[in-house]
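Readers should treat all values here as calculations from the given coordinates under stated rules, not as data from a laboratory. Not measured: the values here are computed from a predicted model. For neighbour counting, all protein chains shown are included, and Cβ atoms are generated from backbone atoms with ideal geometry for every residue, glycine included.
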Amino acid sequence: MRIIFATHNKNKIIEVRQILGEVASDIVAKSELGIDFEPVETGKTFADNAELKAAGIRSYMLAHGMLKDDDIIMSDDSGLCVNYMFGLPGIYSARYLGEDTSYEEKNARIIHELRFAQGEERAAHFTCNICAVFADGRVFHTEGLFEGLIAEEPKGTNGFGYDPILYLPEYGKTSAELTPEEKNSMSHRGKALRAMRDLLKKVFEEDKKKGINQAAFPENKEDSGLVRPFQTILVVSDSHHKDENLKDVLSRLGMIDFLVHLGDAEGTEGMIQQYAGDGVKCYFVQGNNDFFNDLPRDIVAEFGNHKCFMTHGHYYGVNFDMTQLAEEAKLRGCDIAMFGHTHKPFLKVVNGVTCINPGSISFPRQIDRRPSYMVIDINEEGEFKYHQVYLDRK
Ligand code: ITT
C-alpha cells in the first residue's frame, strides 16, 4: 500500500513518515512521482480544501494511468484561526496579506490587530484537517487543533509560519520555542495524523473482515476483461449546490472523457471541474437558478457520430412536452437534445431527435425519488450506448 501525500512542504513529509509509517511502508510526496498538477483550493473550510487537493490528485493519477489499486492519496490543509479576528486568517493563512508577504509582517499585523485584546480574548489555534482518498473512491477525514494565545511579541526561531506568535501558557513558550519533537507531540498536524493512523488501522481491519481486497479495484486493470469504450460522457443535471452524489459518482466511475452538466449547478462548476479532473472536458449550461455567471444558455457540440444540443430546458417548455426542444435541436443541425430542469429521467426520440434527460443527481422528482445520471459510451465507430443509472439512496 502506498500513500501519496499532496504537499510541497518537506517538513510535513518527514512528520507524515514518522507517524503513518506504522500503516504504510511506502509514503511519497506527489512531486516524487513527478506530479506537478496543483488543484485550486476554492473550498470554504479546511476539510473542503484538503479533499479538493487529495481528490484532484487522485483524478490526475487516474487520468494518467498512475493510480495503483491500493493507493491512498492524502493531503492536509491547515492554518491559524484567531478568535478576535473572527477565525481569520484561517483557510487564508498562507495567502494572508498576500502570498509574498513575509511572516515577520504577517505576524506583526496580527499582533497589531489584537492590540486591545487581553487574556482569553487572545485565544487562537492552529487547525489541521487531513483527508485520505482511496483509489476506490472512499474519503476519510481527521482533524486536530493546537490551542494557545496570540503572543504580545514574536518569539523563537524553530518551526515556521505563525509559530513565533502562538503562545502556549502551560509551557510559558511560543510554538517556535518548542523543539520539533515537542511540537509534533502536541501539534494540530501531529494530532490529525495520529487520528488518521488509528482510523486507517480500523478501516483496514473492517475491509479484511468484509473480504475487501484493496487490489480488487477493476477500473485500472488491463486484464480485467472489461473493454473500455473509446470515449465516455457523464451526463448530469440539477445538482443545486449539493454535490456529494456527483462527487461519489465521479470517484467511482473511473475514467471519463466528457462531463455534461445541464444546468443548476448553482455556483459549484469550479469544484465539479476539479473533481472530474484536468483531463476531462466539462460542459456547463445555465439553469434557471444559475445567477451571476456567464454560462452559455445553450451549447452545440459533436461527440462520436452525433451532434448534440445541450440546454437546461426552461426556455423550451420541457415541463409540458419535448416538441419545442426537438425543433430547436433540429434547427441547429443536432440529432440529440440533452436537457435537465424537470428532475426526471427521460430518453425518447421526438420528431427524429433523441431527447435525453439524466434526471437530477441531487433532487430527484420521479416516483421512486432515486438520484440519477446517465453514462454514454461511444465506441470506435462513434455510436452511442446509453446507460441510465440510479443511485440506491434518496
Ligand atoms: P502545502 O499546502 O504544500 O502542504 P503549506 O505550507 O502551504 O504547504 P498549509 O496549506 O497546510 O501548508 O498551511 C497554510 C499556512 O498555515 C502555512 O503556510 C502557515 O502559514 C500556516 N501554518 C500551518 N501549520 C502551521 C504550523 O504548524 N506552524 C506555523 N504555521 C502553520
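Hey, got the Cα dimensions of region 1-117 along the principal axes, in Å, largest first?
So the extents along the principal axes, rounded to whole Å, are 55, 28, 22.
How high is the FRET efficiency from residue 170 to residue 302, r the C-beta distance, R0 56 Å, rounded to 0.05?
Efficiency for this residue pair is about 0.25.
Take region 91-204, compute every pairwise Cα distance, and split them into 10 Å bins from 0; I just need the percent in each bin.
In order of increasing distance, the bins hold 13, 38, 30, 14, 4, 0 percent.
Suppose each label sits 7 Å from its Cα in the direction of the beta carbon; what would the residue 244-residue 380 distance come out to in nanometres?
With each label point 7 Å from Cα toward Cβ, the separation is 4.3 nm.
Give me the angle, in degrees from 0 to 90, between the Cα long axis of helix 244-253 and the longest principal axis of the Cα atoms of the chain, rounded to the nearest 10.
Helix 244-253 sits at roughly 80 degrees to that axis.
From the P(r) of region 244-363, can you give the percent of Cα pairs sitting at distances over 24 Å?
Summing the P(r) of region 244-363 above 24 Å gives 24 percent of all pairs.
Count the net charge of all other residues whose Cβ sits under 15 Å from the Cβ of residue 128, scoring Lys and Arg as +1 and Asp and Glu as -1.
Charge balance near residue 128 sits at -2.
List the relative contact order of the chain as a percent without decimals, with contacts defined as Cα pairs under 8 Å and 6+ residues apart.
12
Report, to the nearest 10°, how far helix 188-210 tilts away from the longest principal axis of the Cα atoms in the chain, using its own Cα long axis and a range of 0 to 90°.
50
I need the phi-derived Karplus couplings for region 255-262: 6.51 cos²θ - 1.76 cosθ + 1.60, θ = phi - 60°, integer Hz, Gly and Pro marked x.
3J(HN,Hα) across region 255-262, in whole Hz: 6, 10, 9, 9, 10, 10, 10, 8.
Cα-based Rg of the chain per 2.2 N^0.38 Å, rounded to two decimals?
1.15
To the nearest 500 deg cm²/dmol, what mean residue ellipticity at 222 nm is calculated for the chain from DSSP H runs of n ≥ 4 alone, each contributing -39,500 (n - 2.57), summed and divided by the residues?
-7500 deg cm²/dmol
Mind checking which of 157, 4, 196 is farthest towards the positive end of the chain's charge dipole, using Cβ charges of +1 (Lys, Arg) and -1 (Asp, Glu) about the Cα centre?
196
Using the beta-carbon distance between residue 269 and residue 92 and R0 = 30 Å, what value does 1/(1 + (r/R0)^6) give for FRET efficiency, to the nearest 0.05?
In this case the efficiency is close to 0.85.
Using a simple spin-label model with points 7 Å from Cα along the Cα→Cβ vector, what separation in nm is obtained for residue 31 and residue 348?
Between residue 31 and residue 348, the label points sit 5.8 nm apart.
For region 309-356, take the convex hull of the Cα atoms, compute a quarter of its surface area, and give me that in nm², please.
Hull-based average projected area comes out at 2.7 nm².
From zero up to wherever the largest Cα-Cα distance of region 271-339 sits, split into 5 Å bins and tell me the percent of pairs in each.
Distribution as computed: 3, 16, 22, 22, 20, 11, 5, 0 percent.
Step through the table entries 209/281; 183/242; 44/210; 68/208; 208/247; 210/281, compare each Cα-Cα distance with 28 Å, and write down the pairs that go over it.
Details: 209/281 39 Å; 183/242 38 Å; 44/210 35 Å; 68/208 19 Å; 208/247 26 Å; 210/281 37 Å.
Long pairs (Cα-Cα over 28 Å): 209/281; 183/242; 44/210; 210/281.
Full extension from residue 186 to residue 10: what is 0.36 nm times the residue separation minus their Cα-Cα distance, to one decimal in nm?
Result: 61.4 nm gained on full extension.
Can you tell me the orientation of helix 46-63 relative to the chain, as the angle in degrees between its alpha-carbon axis and the longest Cα principal axis, to the nearest 10?
Compared with the principal axis, the helix lies near 50 degrees.
Once you put a point 7 Å from the Cα of residue 324 and another 7 Å from the Cα of residue 179, both along the Cβ direction, what distance in nm separates them?
It is 7.5 nm.
Provide Rg over Rh for region 341-394; use the alpha carbon set for both Rg and the Kirkwood Rh (inverse mean inverse pair distance).
1.04
Run the dipole for the chain about the Cα centre, Lys and Arg Cβ at +1, Asp and Glu Cβ at -1, nothing else charged, and hand back the magnitude in debye, nearest 20.
780
Give me the distance between the Cα centres of region 120-146 and region 250-275, rounded to whole Å.
Taking the Cα centre of each part, region 120-146 and region 250-275 sit 25 Å apart.
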